[in-house]
Amino acid sequence: MRLTHAQEAMAAAIEDQWLAAAVQTGPAGRKEAEAGVRAAYRLAGLPEPERIYWLGSPRAGALAASLLRAPTPGSPVAALDAGPVSPAAGAASDAAAGSGPAASVAGPEWVAGVHAELRRQGWAPGESGGAAVRRQVRTEPWAAARKAALAALGADGWAQLSAAAGRRSWGLVMDLIAGRLRLRLGEDITADLGDAAPAVRMPVLDAIYGQHDGTWLATFEAADRLCPDAGLMTRLTGLAEVARHSGWWWAFERVAVLTERPGLLERDNVGRLHRGEGAAMQFPDGYGLWAWRGMPIPPGLAAELPHLTLDRIRSEKNAEIRRVVLEHFGYERYLREAGARRLGTDETGTLWWLDLPGDEPLVMVEVVNSTPEPDGTSRVYWLRVPPETRTAREGVAWTFGLTAEEYHPLIQT
Amino acid sequence: MYRQGDVLMIPVEKEQVPACAPVPRDRRGRMILARGEATGHAHVVGGPGLALVADLDDPERMFIDVPTHGRVTHEEHGPISLPAGHYRVVRQREYVPGAFRPVAD
């Protein structure tokens, strides 16, 4: 089938709702999410889970999932169960910064926190949740719905609908949020848990993405709206209910592990995780991701950001970190205080040049926004351009992928 | 060549437009050249018979087909009139050593 403009707009509206769910912060809707989990099991032909555990972040959820995934005695995860206090790599710094050792549980303090939380909810160390049922609960219903949607809409209609209801989500949610979280979670677990890390990292790959699953659910909900008789959402209603109300989760035969959504999520104007004065994504149990314009930054650096100096910036060896501190300090201030050279001014703006010892030079165009602000002033902004740039015009042209000769806007606003 | 903030519209010959598919309209039925995710502001194009299309092989490469005339609007920038013709849409980028990235307008 061929979609009309109105049908495309309907699909885009559904995608907007799922995008909103994907960046939704605040406490999970536990009752609704649990009902969704039970429905997902039933729709997969499985008995409902006997118990549903709630954890405060995907990090805690991954650990809980690894503890419930039938740990065999002597495995590195079993050592996290009740082993002696033998801090793994990274735990030492945690203990130094934190408030005292972690009871009788090995590893950093948050591991003890997850144990305590699970126990409070009725878990006994050694209890197994059974085998993972992610395939039955998520993968198979998804594959079946996709097959049915293709049959109902035709290949062209399905492609058109996927573009209308899913194109933005993949980039915004999977690439810029869920993907970052997955990557960072793996790195943090590795840094914190030593020998036990691989076993705790595995569930990260096995997660059901909860609110981030809206990226693909949007397309099926839109398809269902177009073909109400094809039953395209029938087997996905449970998953959709969890996705509307909670964060990442894990499905096992006898138990499910659900997690909270972040309490805070801050992004910049193009959707990248971005915050200078704290974690850009912060979960209620304290787990957070620090990022500057999508670039993950070590939490230690964050504390330095308000007190940056020229010397501190100059001495930074890591180029990506240097970019973060430069942006935070402000290019204009840095160019001024570090004594940048003005290479020239033309009708497009002014080109500035600054040598960075041991690095490629910092070359920037200073541009005046063509449309005045409501108060009559004009906003000035800065664009970093390649170091070989020789004129402001060449620099501005480069930002649009053109040469200085090619770049001649007739009108600009 | 017309510029509205971080978006440039470059006239191209019809022959330079690759095989394309229509870019889906947003929920308000608008054709969007680029959007700010945090502000919700958008560069929107419209006009009689006007079509916003994307390269089948690279959906990020967009083109505008303007049969008679068109108009580009944005919440923070002045509107721009587009004469009949074909245009390639380019979003501004910024240099990052070893890579580049879009500008957050």
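Brief remarks on what is shown
- For the pair B:R71 and A:V368, a Förster radius of 25 Å applied to the C-beta separation gives a FRET efficiency near 0.55, rounded to the nearest 0.05.
- Length added when fully stretched, A:E327-A:L205, from 0.36 nm per residue minus Cα-Cα: 40.6 nm
- Dipole-positive endmost among A:G171, A:W123, A:L273 within chain A (Cβ charges, Cα centre): A:W123
- Once the chain from A:D346 to A:L46 is taken as fully extended at 0.36 nm per residue, the excess over their C-alpha distance is 101.0 nm.
- When the alpha carbon gyration tensor of region A:5-262 is reduced to an equivalent ellipsoid, the three semi-axes, largest first, read 37, 19, 14 Å.
- Computed magnitude of the charge dipole of the protein assembly as shown (debye, nearest 20; Cβ of K, R +1, Cβ of D, E -1): 880
- Remark: spin-label model distance A:E360-A:H307 equals 3.3 nm, labels positioned 7 Å along the Cα→Cβ axis.
- Using alpha-carbon coordinates, inclination of helix A:140-169 to the longest axis of chain A, degrees: 20
- Here r is the Cβ-Cβ distance between B:A19 and A:R119 and R0 is 56 Å; the resulting FRET efficiency, rounded to 0.05, is 0.40.
- All-pairs Cα distance distribution in region B:2-95, expressed in whole percent, bin size 5 Å: 3, 14, 26, 27, 20, 8, 2, 0
- Using θ = phi - 60° and Karplus 6.51 cos²θ - 1.76 cosθ + 1.60, couplings along region A:349-362 (whole Hz; Gly, Pro as x): x, 10, 9, 10, 9, 9, 6, 10, x, x, 9, 6, x, 8
- For the options A:H307, A:H212, A:H328, a Gaussian network treatment of chain A with springs between C-alpha atoms closer than 10 Å singles out A:H307 as fluctuating the most.
- Taking only alpha carbon atoms, the protein assembly as shown gives an Rg to Rh ratio of 1.02, where Rh is the Kirkwood radius.
- Tail weight of P(r) past 25 Å, computed on alpha-carbon pairs of region A:302-413, percent: 29
- Each residue of region A:230-235 was assigned a 3J(HN,Hα) from its phi angle through the Karplus curve 6.51 cos²θ - 1.76 cosθ + 1.60 (θ = phi - 60°); the sequence is 8, x, 5, 9, 3, 7 Hz, with glycine and proline shown as x.
- Pairs of C-alpha atoms in region A:170-305 farther apart than 20 Å represent 54 percent of all such pairs.
- Debye, to nearest 20: dipole size of region A:5-262, +1 on Lys, Arg Cβ, -1 on Asp, Glu Cβ: 240
- For A:R261, nonlocal amide neighbours, meaning residues 5 or more places apart or on other chains whose placed amide H falls under 5 Å from its own, are A:A28, A:G247.
- From most to least packed by mean Cβ count within 10 Å, the peptides A:19-29, A:158-168 give A:158-168, A:19-29.
- Distance between modelled label sites at A:T234 and A:K147, nm, 7 Å Cα→Cβ extension: 1.4
- Helix A:319-329 axis, angle to chain A major axis (alpha carbon atoms, nearest 10°): 70
- Formal net charge of residues neighbouring B:G46 (Cβ-Cβ distance under 10 Å; K, R +1; D, E -1): +2
- Helix axis angle, A:179-193 relative to chain A longest principal axis, alpha carbon, degrees: 70
- Enclosed volume per residue, in Å³, of the convex hull spanned by Cα atoms of region B:44-94: 88
- Scalar couplings 3J(HN,Hα) for region B:57-72, obtained by applying the Karplus form with A = 6.51, B = -1.76, C = 1.60 to θ = phi - 60°, are 7, 8, x, 6, 8, 10, 9, 10, 9, 10, x, 10, 7, x, 8, 10 Hz; x denotes Gly and Pro.
- Test item: B:79-90 mean partner chain Cβ contacts at 10 Å: 1
- Cβ crowding within 10 Å averaged over residues, with A:32-41, A:381-390 ranked highest first: A:32-41, A:381-390
- Dipole orientation for the protein assembly as shown: of the candidates A:M1, B:L33, B:L52, A:M1 has the Cα lying most toward the positive pole (charges on Cβ; Lys, Arg +1; Asp, Glu -1).
- Expected 222 nm ellipticity per residue - DSSP helices of 4 or more, -39500 (n - 2.57), all of chain A, to 500: -13500 deg cm²/dmol
No lab work stands behind these numbers, since they all come straight from the coordinates. Keep in mind it's a predicted model, so treat the numbers as computed, not measured. Here the Cβ is made from the backbone with ideal geometry for all residues, glycine too, and neighbour counts use every protein chain on show.
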